[in-house]
Amino acid sequence: MLADIAFWGLGLVAVLSGAAVFYVDSMARATYALALSFVAVGLQVLFLQQNYVGVVTILMMVMEMAVMAVYMVMFMGMNPALMPMSMVHSNRTAAAAAVLTFLVLAAGVLLVDWPTRRGSPPPDVTVALGEALMGPKMLVMAVISPVMVATIVAGVVLAAHRTRYDRFGDDLRRPTPDDPQPGGVGR
Amino acid sequence: MVDPIAMPNVAGSDSPVVTVAPGWAFAAVTVLGALVVVAAVLDGALSARSSGGPGGAPGGAARPFGEAARLMRQRRRTTVQADSLLWRIGGAGLLVTAALMVAVVPLGRWTIFDLDVGVMWFNAMDVMVWALVWLTGWGANSAHSLVGGYRFLAHGLGYELPLMFALVAPAIAAESLNVGRVAAAQDGLWFVVWMPVAFLVYLLGVAAFSVGGPFAPALGSDVAGGVRAELSGVDRLVFETGRYALLAAGAAFAVPMFLGGGAGPLLPDWAWVLVKTVTVLSLLVWLRRRLPAFRPDTFMEVGWLVLLPAVLVQDLLVAVVAVWRS
């Protein structure tokens, strides 16, 4: 009973703070309203006995929002992030898309013939989830991760203003790179 | 609802620690408070000594009490268009985070929250510090305190991954993320003996998430006090208490992770946990006064090119030993 109240209470917190993201007028409040929403979801996942997944959700999302605070000052020109600003735009399109999505999902809830449960939950649901996600597809996962890292590195290299010729000279013979921002290990 | 939702928890019936009644959380917070006082008194005594003995700095060992009394009587400073909600959450959150950290640390045989992924829980709480310190810097609507907040995040990008991988080493060796099991797995040989690199990086991480010692530039006097530039009165007192509490919680967590938990001769196991915690805490308070500051703009490379590879090699060695033993 207590667990039911806590679970639904956390759900309410998650939805309301998710809505607050669009209601508040400050980038910091929006960012951390989203973080609060994710923390509530992570705590809900603890109630589903997926302890590892729940705690990792909290960890990753809080870190991600903190890093977002860095980017929002780095990349938002004229620093509107530091001033009060509206969190919404294209209101009519957004409202139409929201209503349409809600109708489709609600129709799905009502129309789909939900299966009845077969068997019972395994003793360790996290292991079961991991095997269901990864088990037969481990090769795909193992290939995708280096490809994703390579994509990120390639994207940064292509986007970077300075190339290795700026850093190491035209013949790449300069012993220490010429960087505007010095590093911490004497380079 | 077909299935009733069960309370989250628990490491299973064969857990080496006993979960006590929730009311004992007050006792845990009291112990944390006592550790905060120990750390603050020691810090006061050390700063009096370094500034030339009695008379040099006001108070010495009694400084924290005088400082607390002063701050409690001080009028709260207000700034124009401060985001008070986020400011207060940031300042008070450090103390709450430290309390949530010690919830998974067993005191000998007893624990408050025997979570099966306790190590991850601790890690998630120390990431919360990122958000809270930045929010404290943001809330005041002051340029200097915001600069302090970003300095902390710059340090965070450098120290957090080495800290995470330092916590991985004991978990691999114990084959569990449960703090009680990690402590129990050190029967005979403490993890600190054969994972010294992970231990040192962990201690550096503790200094970092308590915003102290080499990681104090976020509070630097060159930016008028950084994050705490506009903090005054009780707000400042709670923020400072939170920093000491995080240091104490980090010291307490080192005991089951690296120092054998409650293992030791003569004394009962809960007493050994306290003795070891106070020892690590004193070491941290002393050491963080002796180390030079890491510059926020260059620490990232130190973290990723020195600390991270070092601790990854440590993890690899631990993993090889773990595979070889099983």
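The values are calculated or read from the model by the stated rules, or taken from the named source; none is laboratory data. Quantities reported herein were computed from a predicted structural model and do not represent experimental measurements. Positions of Cβ are backbone-derived with ideal geometry, glycine not excepted, and every protein chain shown enters the neighbour counts. For accessibility, only protein heavy atoms count, side chains too; no ligands or nucleic acids. Shrake-Rupley method; radii C 1.70, N 1.55, O 1.52, S 1.80 Å.
Restricting attention to the range B:66-99, the residues being within 14 Å of chain A (Cβ to nearest Cβ) and of a type in the set (Lys, Arg) number 1.
Taken over the range A:1-44, residues that are within 11 Å of chain B (Cβ to nearest Cβ), β-branched (Val, Ile, Thr) and within 16 Å of the chain's Cα centre (by Cα) amount to 2. Residues in the range B:254-279 that are within 30 Å of B:Leu71 (Cα to Cα) and buried (at least 24 other Cβ atoms within 10 Å of the Cβ): 1 in all. Considering the range B:176-261, the qualifying helices (runs of 4 or more DSSP H), each wholly inside and each with 2 or more residues that are among the charged types (D, E, K, R), run over B:233-258. Of all residues in the range B:159-177, at least one satisfies being surrounded by 24 or more Cβ atoms within 10 Å (Cβ to Cβ) and within 10 Å of chain A (Cβ to nearest Cβ).
Pick from the range A:21-37 the residues that are closer than 17 Å to B:Leu86 by Cβ, part of a helix (DSSP H, G or I) and open to solvent by 30 Å² or more (accessible area, probe 1.4 Å): which of them is modelled with the lowest pLDDT?
Restricting to residues being closer than 17 Å to B:Leu86 by Cβ, part of a helix (DSSP H, G or I) and open to solvent by 30 Å² or more (accessible area, probe 1.4 Å), the top hit is A:Met27.
Residue check: is B:Val321 more than 23 Å from the chain's Cα centre (by Cα), modelled with pLDDT of 95 or more and either at positive phi or away from chain A (no Cβ under 14 Å) (or both)? So B:Val321 does not fit the description; no. Is it true that A:Val55 is part of a helix (DSSP H, G or I), within 11 Å of chain B (Cβ to nearest Cβ) and open to solvent by less than 30 Å² (accessible area, probe 1.4 Å)? It is true that A:Val55 is part of a helix (DSSP H, G or I), within 11 Å of chain B (Cβ to nearest Cβ) and open to solvent by less than 30 Å² (accessible area, probe 1.4 Å).
Yes/no per residue for (1) loosely packed, with under 10 Cβ neighbours inside 10 Å; (2) out of contact with any Asp or Glu (no Cβ under 9 Å at 6 or more places or on another chain); (3) within 14 Å of chain B (Cβ to nearest Cβ):
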{"residue": "A:Val99", "(1), (2), (3)": "no, yes, no"}
{"residue": "A:Leu103", "(1), (2), (3)": "no, yes, no"}
{"residue": "A:Gly108", "(1), (2), (3)": "yes, yes, no"}
{"residue": "A:Glu131", "(1), (2), (3)": "no, yes, no"}
{"residue": "A:Ala142", "(1), (2), (3)": "no, yes, no"}
{"residue": "A:Pro146", "(1), (2), (3)": "yes, yes, no"}
{"residue": "A:His161", "(1), (2), (3)": "yes, yes, no"}
{"residue": "A:Gly169", "(1), (2), (3)": "no, no, no"}
{"residue": "A:Arg173", "(1), (2), (3)": "yes, yes, no"}
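Scan the range A:146-154 and tell me whether some residue there is modelled with pLDDT under 85 and out of contact with any Lys or Arg (no Cβ under 9 Å at 6 or more places or on another chain). No, the range A:146-154 contains no residue that is modelled with pLDDT under 85 and out of contact with any Lys or Arg (no Cβ under 9 Å at 6 or more places or on another chain).
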